[in-house]
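First comes the structure, then the notes that go with it.
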Amino acid sequence: MGEQIRVLSIGQTNPKITIQDIPENIEWIHIAPENVFLYITHVKQEAELEKKPVRRFSAIVIECIKDVKNIDCLDDFIEPYRVFYMSEGYLLSVEQKLFMKRKLAKKCSLRHLPEKLELISKAFYERQSYGDKFHIEQIMISPNVRGKVRYTGHNNVSLSVKDIDDFQEVAIWKYNYLHGNKPFTFWLEYQADKQLEVQLVIHAIKYGSVADIMNRYVYSQKDMETPITLDEQGFVNLCFSLQVRGSGTIHIGALHKRDSRFFEGDFFVGGQTFRDSKREEFHYYFHPGDLTPPLNVYFSGFKGVEGFEGYRMMQRLGAPFLLISDSRLTGGAFYLGSEEFEKGIVNVIRDSLDWLGFTNDQLVLSGLSMGTFGALYYGAKLLPHTILVGKPLVNLGDVAFNELMHRPGVFPTSLDLLQKITGKNSKQTIDALNQRFWQVFDEADFEKTSFVLSYMKNDDYDMNAYHDILNHLKDSRARIISKGIAGRHNDNTNAILEWFRNQYEDVLKLDFKRSRK
């Protein structure tokens, strides 16, 4: 049985489903529309008496939304993308329309309700989905490969083969993946010459055995255009290998593995992923909040586990927000990529503004550490009302250089990033990577943008970031608020975070007339 899922059904009559239609892990609660307010009031009072937090619902199914009065009372009990309704075409009140918009409610027919409940039982758990990856050092090259093998840092491993008539194994991942009673999604970063056919092979081996193969799955390049989802029942060990046919070179990167929510979202219900033609990804999650300005955008920091950062912090602010995360390299590639990749980030932010009916002066871009680069770099392209950052990193070439000179072994991913973006590690490419930021930043007109910056006075990643930002803004009319804290980059994150939160609340209160939550 999966994780416990609470579903609230609202209708004049209980939908015509049998007990067999409700998966075992679903707690099904049915109430009449006229009793919604009384029920929610009772639930709140009960939680207060027991001094426990109110339990939210995993999903709400509404038979006819026009019959639900005081629908706003459900606001704190359900997140967006988790409300389903089974009737439409009625004249709704303003309150009901706004609730539907805030929750991004989706239509579901009564006929398909059993299938929807089955999906809800598997995909609508409340926690953020787990995700990580097999890195390239976990790839074992087959002795069948007679051509060149080249490792480019931790970015990828390249194999060259010639005249292979039938599919032949060229790489196998050293470690199996234990799969147990829940669906998982896989995504392989790779690029291959057009003359080379590629397929991913997954063997499901009986748990506790080393050779008892229960299933064999083969995925072609066409199959791998979208993420691969496996929903094996029971515990199995999954073994991955890569086969090729033809001639050419293949560059193999990370193999990402994540809890699957099927088509209901990545990491969160409603989470989405952008993939460019190089199979590189960024993830984003849009939350409509209370539909009033500003739109707060938060770029996740560097993290080994894949997924979003800052959800609760942004949610507590009450305003609409957009989370963006980068799962490349060990914990992120600072939101830099191909023109297609970077344009994708800009478009996601602009599309969110358009959906809300907001303008750029109702936009706040923010982030901590790695996330500061995203906020500042894309801030130069979007010219928001405010850019709010803690521990800014902008001279990424210097960050890589300092790995050699000032903090050996602390942040080796900086060297992989230098190699990834510029193609090699040298004094010239260090300068080129630094300029990748400044060329964009210096073209921006920040006359209507405020900068709120907290920085470490002894930062050992990018020691010049704060002062360089000030220097490049000296001829602009940008408003700057800043605070320095003693220590190296990772010495006092709590102080940075506290100031960051307080400044966020001040911006919302003073500039957007929003009260503190």
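The values are calculated or read from the model by the stated rules, or taken from the named source; none is laboratory data. Every value quoted in this text rests on a predicted model; they were computed, and no experiment measured them. Neighbour counts run over all protein chains shown; Cβ positions are idealised from the backbone, glycine included.
A few comments on the model shown:
- Each residue in the stretch 433-469 was checked for being in contact with a strand residue (DSSP E or B) (Cβ under 8 Å, 6 or more places away or on another chain) and exposed (fewer than 14 other Cβ atoms within 10 Å of the Cβ), and 1 of them qualify.
- Note on the stretch 267-286: residues that are surrounded by fewer than 17 Cβ atoms within 10 Å (Cβ to Cβ), farther than 12 Å from VAL348 by Cα and under 8 Å from the mean Cα position of the chain (by Cα) amount to 0.
- Tallying residues that are part of a strand (DSSP E or B) and either closer than 15 Å to ASP193 by Cβ or modelled with pLDDT of 95 or more (or both) within the stretch 153-165 yields 9.
- Within the stretch 311-331, if we keep just the residues that are free of Cβ contacts under 8 Å to residues at least 60 places away in the same chain and in a loop (DSSP other than H, G, I, E, B), the residue that is surrounded by the fewest Cβ atoms within 10 Å (Cβ to Cβ) turns out to be PRO320.
- Single unsatisfied condition, LYS420 versus (1) in contact with a helix residue (DSSP H, G or I) (Cβ under 8 Å, 6 or more places away or on another chain); (2) surrounded by 13 or more Cβ atoms within 10 Å (Cβ to Cβ): (1)
- Counting only residues that are in a helix (DSSP H, G or I) and surrounded by fewer than 16 Cβ atoms within 10 Å (Cβ to Cβ), the stretch 117-138 holds 3 of them.
- Among the criteria (1) part of a helix (DSSP H, G or I); (2) within 15 Å of ILE387 (Cα to Cα), the one ASP431 does not fulfil is (2).
- Candidate set from the stretch 249-263 (those that are over 13 Å from GLY131 (Cα atoms) and modelled with pLDDT under 95); member that is surrounded by the most Cβ atoms within 10 Å (Cβ to Cβ): PHE262
- When each of SER58, SER93 is tested for being crowded, with 16+ Cβ neighbours inside 10 Å and small (Gly, Ala, Ser), the lone residue that passes is SER58.
- Residues that are assigned to a helix (DSSP H, G or I), surrounded by 24 or more Cβ atoms within 10 Å (Cβ to Cβ) and among the hydrophobic types (A, V, I, L, M, F, W, C), drawn from the stretch 365-390: MET370, PHE373, ALA375, LEU376
- Test result for LEU104, in contact with a Phe, Trp or Tyr (Cβ under 9 Å, 6 or more places away or on another chain), of a type in the set (A, V, I, L, M, F, W, C) and touching a residue at least 40 places away in the same chain (Cβ under 8 Å): yes
- On the stretch given as the stretch 236-272, residues that are assigned to a strand (DSSP E or B) and either in contact with a Pro (Cβ under 9 Å, 6 or more places away or on another chain) or more than 29 Å from PHE167 (Cα to Cα) (or both) total 4.
- Scope the stretch 287-300; condition surrounded by fewer than 23 Cβ atoms within 10 Å (Cβ to Cβ), in contact with a strand residue (DSSP E or B) (Cβ under 7 Å, 6 or more places away or on another chain) and assigned to a loop (DSSP other than H, G, I, E, B); matching residues: GLY289
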